[in-house]
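The values are calculated or read from the model by the stated rules, or taken from the named source; none is laboratory data. It should be emphasised that the depicted structure is a prediction, and the values quoted were computed from it without experimental measurement. Glycine gets a Cβ as well: all are built from the backbone with ideal geometry, and neighbour counts include every protein chain shown.
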Amino acid sequence: MKRSKPAVPSEHEFTLFILVSAFDLFMTYLLLYHGGFRESNPLAQFFIARWGVKGMVYYKFGMVAVICTIAYIVGQHRPVVARRLLQFATLVVAAVVAYSVVLFVRHGGGWPNLG
């Protein structure tokens, strides 16, 4: 009898990566629209310049979708590699979020009036 593969390899890692990426989106929004910063990634800047906040969301979660798709495909044959890929991507994005928080606090950022 043939063993079936799990439907979603590394579900915990996928979830954590998506959550940290959502924090990255939030911090990017705060820095760009309430902190007076400028996007340094030229590709992201292209999307933001063309479509504003929607462009930022499209770009950020487009990248998340690409990484998750790659991890999913790799995970069908090499689940440990997929797990490590997602862990590495999560660490990279978490480092960006931490740096963004430091920038926001150092430059006098406060909670914006989002209402």
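Looking only at the stretch 13-34, residues that are of a type in the set (D, E, K, R) and within 11 Å of the chain's Cα centre (by Cα) come to 1 in all.
Yes or no: the stretch 97-107 includes at least one residue that is at pLDDT below 95, part of a loop (DSSP other than H, G, I, E, B), in contact with a Lys or Arg (Cβ under 7 Å, 6 or more places away or on another chain) and surrounded by 11 or more Cβ atoms within 10 Å (Cβ to Cβ). No, the stretch 97-107 has no match at all. Among the residues of the stretch 36-90, just one is surrounded by 14 or more Cβ atoms within 10 Å (Cβ to Cβ), of a type in the set (S, T, N, Q) and within 15 Å of D24 (Cβ to Cβ), namely T90. Within this structure, V53 fails the test of being at pLDDT 95 or above and of a type outside the set (S, T, Y).
For residues in the stretch 36-78 being among the polar types (S, T, N, Q) and within 19 Å of A94 (Cβ to Cβ), which is nearest to the chain's Cα centre (by Cα)? Looking at the filtered set, the residue picked out is N41. If the condition is being in contact (Cβ under 8 Å) with a residue 60 or more places away in the chain and not in a helix (DSSP H, G or I), then the stretch 14-54 contributes G35, G36, F37.
Give me a count of the residues in the stretch 1-17 that are at pLDDT 75 or above and surrounded by 18 or more Cβ atoms within 10 Å (Cβ to Cβ). Break it down stepwise before answering.
From the stretch 1-17, those at pLDDT 75 or above are 10-17; that's our starting set.
Remaining after also requiring surrounded by 18 or more Cβ atoms within 10 Å (Cβ to Cβ): 10, 13-14, 17.
The total comes to 4.
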